[in-house]
1. Can you tell me the orientation of helix 152-167 relative to the chain, as the angle in degrees between its alpha-carbon axis and the longest Cα principal axis, to the nearest 10?
2. Amide H to amide H under 5 Å from residue 3: which residues, 5+ apart in sequence or cross-chain, H placed 1.01 Å off N in plane?
3. Any idea what angle helix 135-146 forms with the longest principal axis of the chain, computed on alpha-carbon atoms, 0 to 90 degrees, nearest 10?
4. List, largest first, the extents of the alpha carbons of the chain along their principal axes, each in whole Å.
5. Counting DSSP beta bridges with both partners in the chain, what percentage is antiparallel, nearest 5?
6. Give the order of 156, 8, 34, 68 when sorted by the count of other beta carbons within 10 angstrom, beginning with the fewest.
7. What length, rounded to one decimal in nm, is gained on full extension from residue 120 through to residue 8, with 0.36 nm per residue of separation minus their alpha-carbon distance?
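FYI, it's all coordinate maths here, none of it is from the lab. Here the structure is a predicted model, which means the values were calculated and not measured. Cβ placement follows ideal geometry from the backbone for every residue including glycine, while neighbour counts extend to all protein chains displayed.
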Amino acid sequence: MELEINGKSYPVESDADTPLLWVLRDELGLTGTKYGCGIAQCGACSVLLDGRVIRSCVTPVAGVAGRKITTIEGVEDDPAGRRVVAAWVAHQVPQCGYCQSGQVMAATSLLKQSPQPGDDEIAAVMTNLCRCGTYNAIHATVRDLVNGGPSPEAEKARAEAARASNRDGGAHA
Ligand code: FES
Ligand code: FES
């Protein structure tokens, strides 16, 4: 079968009932999408299917053939995804980073379906787990996006972090 991922066509040989997550990571080498729980609970494996977030660990690959799949590797080709990634960087949301590709996909899906979500809607959609507890930063960043951000304060923090990183010579990269 053929999959359309990030605007490119990929021939796939996995069995029809293989979860999309394994195909992305193991067959196609698109490892930005993460494995967390494997049972649709954590959201680490989130990708977009025709612009809406799904959990790829429980999605048989045969069901997504011929549809548009977007992974973290291609999310910045989408205007909403580009804004989300820029805001995530400006707010320095990630800690260990493991859950963050899924968080970005969920936020992108939210803003594509509902550009002005209220707090309840944000909470209802942003259900991905984060063991580092970045929930407050995520909520603030999504609110900033809804309000047209990233805000000047967030941009300033990003610029200062970049300067500090340059001073360190990337020692902590
Ligand atoms: S790995 Fe898919 S929801 Fe956790
Ligand atoms: S940033 Fe570490 S699990 Fe979310």
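1. 90 degrees
2. 10, 12
3. Helix 135-146 and the main axis of the chain meet at about 90 degrees.
4. That gives 48, 40, 28 Å along the principal axes, largest extent first.
5. Antiparallel: roughly 85 percent of the beta bridges in the chain.
6. On the way: 156 12, 8 9, 34 21, 68 15.
Result, fewest neighbours first: 8, 156, 68, 34.
7. In short, 36.8 nm is gained.
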